[in-house]
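Here the structure is laid out as structure tokens; the discussion comes afterwards.
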Amino acid sequence: MWNTIKAWFENSMTILWARIQVVVGATAAAAFALLQNPDVTNALQSALQPKFIPYYVIAIGLVTELARRRTVGR
């Protein structure tokens, strides 16, 4: 089963990470569009404050580098 899952991503952790980013982004966009509840909107806005953006970017960069380093020597 694991080999089948890895084959979906061409045995590349970088491709897997990129696809996870796309799914999370699409889910977040759908959540913002569909969830017009003020309580949910306030909770999302508190988690996505501009002061946290640099930390998100750093984390994404680190995971991307780790994924790339995993396959760079092959």
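Taking segment 1-48 only, how many residues are closer than 27 Å to Ala67 by Cα and of a type in the set (S, T, N, Q)?
7
Residue check: is Thr41 in contact (Cβ under 8 Å) with a residue 24 or more places away in the chain and either in a helix (DSSP H, G or I) or touching a strand residue (DSSP E or B) at 6+ places or on another chain (Cβ under 8 Å) (or both)?
So Thr41 does not fit the description; no.
For residues that are polar (S, T, N, Q) and within 13 Å of the chain's Cα centre (by Cα), tally how many sit in segment 49-70.
1
Right, Thr64: of a type outside the set (A, V, I, L, M, F, W, C), touching a Phe, Trp or Tyr at 6+ places or on another chain (Cβ under 7 Å), surrounded by 13 or more Cβ atoms within 10 Å (Cβ to Cβ) and free of Cβ contacts under 8 Å to residues at least 60 places away in the same chain or not?
yes
For segment 24-59, name all the residues that are surrounded by fewer than 10 Cβ atoms within 10 Å (Cβ to Cβ) and not polar (S, T, N, Q).
Ala33, Leu34, Pro38, Asp39, Ala47, Pro50, Lys51, Pro54, Tyr55
Among the residues of segment 1-23, how many are surrounded by 10 or more Cβ atoms within 10 Å (Cβ to Cβ), aliphatic (A, V, I, L, M) and part of a loop (DSSP other than H, G, I, E, B)?
Residues meeting the conditions: 0.
Only the coordinates and a few stated rules stand behind these numbers; no lab work does. Just so we're clear, the structure is a prediction, and the values are computed from it rather than from any experiment. A quick note on method: Cβ atoms are made from the backbone with ideal geometry, for glycine too, and the neighbour counts reach across all protein chains shown.
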